[in-house]
Amino acid sequence: MGCDQSTRERVLDIATRLFAELGYDETSLGLVADAVGLSVAEIDEEFGGKRGLYLNVYRHLHEQELDVVDALGEVADHDSMHRFVDVYLAHLKARPERAALWLQRRLHDAADIREVERTYLSPQVERAVKAAENLFRPGIDPELALWTVAWTAQAYTLASVPGEPADAEETHERILAHLHRFADLLMERREEGHGHGASAP
């Protein structure tokens, strides 16, 4: 008998935190089972072992982050780029383990499980780039521009600004304003009342 939806969500939430904190190798099904209150056999049957649970965690994260990408709209503009920054920071602030999970991948955690990038990350990035690619000045790499925003948001979520507390509202507002201004520097300038204008000299 499979888990109900609320139990599945609880397993995925706990597995997300454990994979984010400990990495793939150090996270056993036994740790997850003990934290959830299920048997290893139940989790194994529901998710297809540790590898299956790991992929389900990233699929779950992917589904949540598509809502962030959708903040750009089908064709992004200046306002939606700012909205993307706001929504992504809020997404990470609500659950910092999301940022830690992607950091684990950058540290080559479970590098042999390549489905994470191929199935979940790459389509997500392609969707964001397609929406935003016409926003940027000539010579700006749209993918790297979006990654720079994402990396900054993730690093801030995990470590704040050096010397400042992670939960300081003033720091959060400072980062938001910085990322808005950074995005503006990369984007085509818009003439007042006329949408996107020509690049400034």
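What to note about this one:
Each row is one residue, and each column tells you yes or no for (1) touching a Leu at 6+ places or on another chain (Cβ under 9 Å); (2) without any contact (Cβ under 8 Å) to a residue 12 or more places away in the chain; (3) in a helix (DSSP H, G or I); (4) closer than 20 Å to L66 by Cβ.
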position: S122; (1), (2), (3), (4): no, yes, yes, yes
position: V125; (1), (2), (3), (4): yes, no, yes, yes
position: A128; (1), (2), (3), (4): yes, no, yes, yes
position: E133; (1), (2), (3), (4): no, yes, yes, yes
position: W151; (1), (2), (3), (4): no, yes, yes, yes
position: G163; (1), (2), (3), (4): no, yes, no, no
position: E170; (1), (2), (3), (4): no, yes, yes, no
position: L176; (1), (2), (3), (4): yes, no, yes, no
position: A183; (1), (2), (3), (4): yes, no, yes, no
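- Taken as a whole, the structure places A99 among residues that are buried (at least 20 other Cβ atoms within 10 Å of the Cβ) and assigned to a helix (DSSP H, G or I).
- Candidate set from the stretch 185-201 (those that are touching a strand residue (DSSP E or B) at 6+ places or on another chain (Cβ under 9 Å) and part of a loop (DSSP other than H, G, I, E, B)); member that is modelled with the lowest pLDDT: H196
- Within the stretch 18-35, considering residues that are crowded, with 18+ Cβ neighbours inside 10 Å and assigned to a helix (DSSP H, G or I), the one nearest to the chain's Cα centre (by Cα): A20
- Applying the condition of being of a type in the set (D, E) and part of a loop (DSSP other than H, G, I, E, B) to the stretch 36-80 and asking which residue is surrounded by the most Cβ atoms within 10 Å (Cβ to Cβ) yields D77.
- Filter result (closer than 14 Å to V57 by Cβ, of a type in the set (V, I, T) and surrounded by 15 or more Cβ atoms within 10 Å (Cβ to Cβ)) within the stretch 114-151: V116
The values are calculated or read from the model by the stated rules, or taken from the named source; none is laboratory data. A quick note: this is a predicted structure, and the numbers were derived from the prediction, not measured. Don't worry about glycine lacking a Cβ; one is built from the backbone with ideal geometry, like all the others, and counts go over all protein chains shown.
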